[in-house]
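Please read the structure below before turning to the comments.
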Amino acid sequence: MKTKFLLSVATLALFAACSDDSSSPTATDVVDPSTQTVVDPTAQTPTDSTAQTDQGGATDQNQQGQTDQGLVDDQNQQGQADVTDPANQIGQDTETDQNQQGLADGQGNVADSVLTDPNVTYSYYGAELSGKEEFLYGRFEARMKMVSIPGSVSSMFLYAEGSEKKGEVPWNEIDIEVLGKGGTMWQSNIITREGDPSIKSNTTSESKPLHDFGFDATEEFHLFTMVWTPEYVSWEIDSVEIRRDELGLSRGSHADADQVAFLTQKQSLRFNLWSSKSAAWVGKFTGNELADGPQIQWIDYVRVYAYDPETKSFSLSWQDDFDGDVISTEHWSKGNWEMENVRLSRSNVVVEDGYCKLMMTREAD
C-alpha cells in the first residue's frame, strides 16, 4: 500500500511566462487546492511570450515530420478510438499523418510483431487511459513516473475527439510526452488543423530543443501539469512553469496560425504508453526492451480543475487517487486500438495499490 505525498498547487499568479529553454521561478506553497481556487496569472499585467523556439513562421506537421526524420505527418495524435468509435475510421492520408499512429504503413495495418529472436516472434501491447469527460479550458495535473525505452512514447495529453478525421473537423490537441531517447528529456506540443478539406497537414509547436527535466522522470514520481485558458496554454513540472504560449503568437498562414485562439473544441484528458516506428523521433524499438518484463507508466493521482473566465481562477472539480482495484468508469475508459508498433490492450491498464499502471508488454506468437 502506498503512502501518498500530495504536492500543493502553486499560485499561478506568481509564475512569469517562460521560454522552452529558460529556467523558471520556484513555486510558492499555498493551502490545499481543494479549499482554495488558483488565480490565473493572466489577471496580472501581460508579459511577452517567449515560449516558442525554432518555429520560424509557417510550421505545420507535414513540414516538421518529413525533414530529416522521415516522419509521417501528425506526430502526436494519440486519440484514435476503438472499433465502436468514429475516430477509428481513419484510413486515408496516413503516409503524411504521423499522428495517426496506428496506421503508419499507409494501409491501416500495424506490424503484428518485431523480431527479437531468430526463432521467435512477438506481438507488442501498449495502454491508454482515456477520459470520458470533455472540457473547455482547465488545469490538469497528474503525479507520474514515466517510461523511456528506445521507441517509446509515455504521455499525458488533451485531445478533441474526431481530430484525426480530415474534412471539416478541426484538430485540437495539447501534449506532454516523454520520449524513448532518455528519461531526462520531454516534449511539449500543441497540434491544430483548420477544418478545411483542402488542408491535409497540421500546425504544430513541438518544443525544440526538447525540455530538460534536470532529473530522470523514469526513476521518481513528479507532478505534470497542463493549463489551458482562452488567453494561454502552459506546461508545468513540479508546479514550475516551463513553457507558455499566449494568445496572438502566430505560426503559419492558415486559420489555426494562432493556435491558442484556435483551441476552441472541447477536449478529453488522456494518458498512454505506446511505441512509434519513427526512430528519429523516439529511438529504434527492437522489442528486446521488454525481455525482462513490462515497462510501466505509473499514475499516482489525477486532478482536474475548472476554469472561471470571470475571475480567471481555477477550482478543483475532481481528483482520482485510483483507490480500489478497478478504474472509475465515471471518469475513464480503456483504449484497444493499434498504434504503430503496438496494439493498445485494455488488460494493460491496471489499478492496484493506489496506482493506475499503464503497461507495455510482449507475448510470443
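For region 210-230, the candidate set comprises residues that are part of a loop (DSSP other than H, G, I, E, B) and within 19 Å of ALA160 (Cβ to Cβ); within that set, the residue that is least open to solvent (accessible area, probe 1.4 Å) is THR229. Taken over region 288-326, the residue count meeting the criterion of being crowded, with 19+ Cβ neighbours inside 10 Å and assigned to a loop (DSSP other than H, G, I, E, B) is 2.
Taking the criterion of being over 28 Å from ASN288 (Cα atoms) and outside any strand (DSSP E or B), the residues of region 120-139 that qualify are LEU136, TYR137. Considering each residue of region 155-164 in turn, at least one proves to be open to solvent by less than 10 Å² (accessible area, probe 1.4 Å) and on the phi > 0 side of the Ramachandran plot. Cβ separations smaller than 8 Å between residues 6+ apart or across chains give the following pairs from region 345-356 residues that are at positive phi to residues that are open to solvent by less than 70 Å² (accessible area, probe 1.4 Å): ASP353/LYS2; GLY354/LYS2; GLY354/LYS4; GLY354/ASP300; GLY354/ASP321; GLY354/PHE322.
Under the condition of being within 17 Å of LEU136 (Cβ to Cβ) and open to solvent by less than 10 Å² (accessible area, probe 1.4 Å), the residues counted in region 231-243 number 3.
Yes/no per residue for (1) surrounded by 24 or more Cβ atoms within 10 Å (Cβ to Cβ); (2) at pLDDT below 90:
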{"residue": "LEU129", "(1), (2)": "yes, no"}
{"residue": "GLU133", "(1), (2)": "no, no"}
{"residue": "MET146", "(1), (2)": "yes, no"}
{"residue": "GLU168", "(1), (2)": "no, yes"}
{"residue": "TRP171", "(1), (2)": "yes, no"}
{"residue": "ASP175", "(1), (2)": "yes, no"}
{"residue": "GLY183", "(1), (2)": "no, no"}
{"residue": "ILE191", "(1), (2)": "yes, no"}
{"residue": "THR204", "(1), (2)": "yes, yes"}
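Considering the conditions (1) within 18 Å of the chain's Cα centre (by Cα); (2) at pLDDT 95 or above; (3) open to solvent by less than 20 Å² (accessible area, probe 1.4 Å), TRP281 is excluded by exactly one of them, (2).
Out of region 244-274, which residues are open to solvent by less than 50 Å² (accessible area, probe 1.4 Å), under 30 Å from ASP323 (Cβ atoms) and of a type outside the set (A, V, I, L, M, F, W, C)? Passing the criteria: GLN267, SER268, ARG270, ASN272. Can you say whether GLN267 is out of contact with any Ser or Thr (no Cβ under 8 Å at 6 or more places or on another chain), on the phi < 0 side of the Ramachandran plot and not β-branched (Val, Ile, Thr), as far as the supplied structure shows? Yes; evaluated as a whole, the condition is true for this residue. Taken over region 231-253, residues that are more than 17 Å from GLU173 (Cβ to Cβ) and either over 15 Å from the mean Cα position of the chain (by Cα) or in a loop (DSSP other than H, G, I, E, B) (or both) amount to 12.
The values are calculated or read from the model by the stated rules, or taken from the named source; none is laboratory data. Keep in mind that what you see is a predicted model, and the values were worked out from it rather than measured. Ideal geometry is used to build each Cβ from the backbone, glycine not excepted, and the neighbour counts take in all protein chains shown. Calculation scope for accessible area: heavy atoms of the full protein, side chains included, ligands and nucleic acids excluded. Shrake-Rupley method; radii C 1.70, N 1.55, O 1.52, S 1.80 Å.
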